[in-house]
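Worksheet for the structure shown next.
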Amino acid sequence: MSAAPATGRRSPARPLASPHRHVRTAELMGTVASAHVLTVDSPADGAVERISAAQDAALDELHRLDALFSPFRSGSEISQLRDGGLRLEEADPLVREVFDACTLLAAASGGRFDAARQGWFDPTGYVKGWAVERAAAHLTPLLTEEGIVAAGLSTGGDMQLHTAPGADWTWNVGIVDARRPGALRARLPLRDGAVATSGPGERGAHIVDPRTGAPVADAATATVMAAQLSDADAWATIAVVAGFDDLSWLRRAPDTSGMLQTPDGRIRRWTHGVEVGPSADALLTVGG
């Protein structure tokens with residue numbers, strides 16, 4: 001996992017000396033999804049049952065979206081579109097929504113992202129982040145309850161995170177050093193938003209430049225923080241395709257912060273779309 005939620009700050013209003021973490025996991029989308037809800041020691045009556053129900057709803061939503069969008073399932077609508085058994089105008093409205101988003105993203109990225117590069121619609125590079133963002137909405141109503149401090153949903157290290165209004169809590173997301181697996185290279189403090197990492201780390205050279213049809217050689221690892229995981233995930237992949245020397249895409253991206261790492265240890269980082277200087281040794285705090 002390239003990123004993981006870590007610790008938070010103690011709050012005098014909602015004491016978090018020992019916050020309790022309620023976690024529900026499921027295997028889906030080729031990885032492990034986990035729904036996290038943080039509470040004080042004594043949440044309101046019935047809160048545990050409501051937390052479990054919300055976590056189930058979030059994971060059920062991911063299962064439903066995986067069945068709809070997976071190109072590896074013969075019965076999914078994406079597979080039916082590919083095989084000619086379904087026309088786009090007949091597809092589920094969510095498929096058409098993702099198609100429109102991918103079309104806009106291809107234009108905004110200058111072709112660095114293209115869900116139609118193989119001659120058929122394959123939104124794999126976009127839909128996971130979008131699905132997690134959508135499913136995490138099942139957790140956010142919990143944040144209005146007394147004693148519930150924060151909630152988040154993660155798949156494969158990409159995460160959508162939320163904090164209750166008034167809670168002095170910050171998710172600190174650790175970013176793994178591309179040179180030394182298990183060591184941290186950066187820390188991203190985040191109250192509400194999303195973080196995604198893309199690169200060769202766990203799956204090798206699997207990212208393809210749609211402009212050439214070839215895998216990205218000597219790929220950097222990109223970590224992007226944005227308000228929405230659909231944006232963070234897509235633009236992290238775009239950053240890898242663009243390469244370490246090209247940050248021109250920042251002008252077209254939504255408000256993001258993040259960093260690029262090369263296998264030999266070089267870094268570039270930016271905050272709210274503006275590049276800032278690297279720090280050679282210390283842990284980096286990116287964004288705010």
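The values are calculated or read from the model by the stated rules, or taken from the named source; none is laboratory data. None of these values were measured; they are calculated from a predicted model. For neighbour counting, all protein chains shown are included, and Cβ atoms are generated from backbone atoms with ideal geometry for every residue, glycine included. In case anyone asks, the SASA skips ligands and DNA or RNA and just uses the protein heavy atoms, side chains included. Shrake-Rupley method; radii C 1.70, N 1.55, O 1.52, S 1.80 Å.
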How much accessible surface does D114 have with a 1.4 Å probe, in Å² rounded to 10?
60
Quick shape check on the chain: root eigenvalues a ≥ b ≥ c of the Cα gyration tensor, a/c under 1.5 is rounded, otherwise prolate if a/b tops b/c, else oblate, and it reads oblate
Could you give the size of the charge dipole of segment 66-121 about its Cα centre, using +1 on the Cβ of each K and R and -1 on the Cβ of each D and E, expressed in debye and rounded to the nearest 20?
260
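Below 8 Å, C-alpha to C-alpha, sequence gap of six or more: please give me the relative contact order for segment 44-155 in percent.
Relative contact order here is 29 percent.
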Can you give me the Cα centroid spacing of segment 42-70 and segment 118-182 in angstrom?
14
Going by average Cβ density within 10 Å per residue, which order do the peptides 156-169, 50-63 take, highest to lowest?
156-169, 50-63
5 angstrom amide H check on A150, placed H, neighbours 5+ away
L38, A164
H138 - accessible surface, heavy atoms, 1.4 Å probe, Å² rounded to 10:
70
Estimated FRET transfer efficiency (A116, T31; beta-carbon r; R0 25 Å; 0.05):
0.55
For R21 and L104 in one chain, what is 0.36 nm times their gap in residues minus the Cα-Cα distance, to one decimal in nm?
26.1 nm
Relative contact order %, the chain, counting alpha carbon pairs below 8 Å whose residues are six or more apart
18
Charge tally in the Cβ shell below 12 Å around P210, where Lys, Arg are +1 and Asp, Glu are -1, P210 excluded:
0
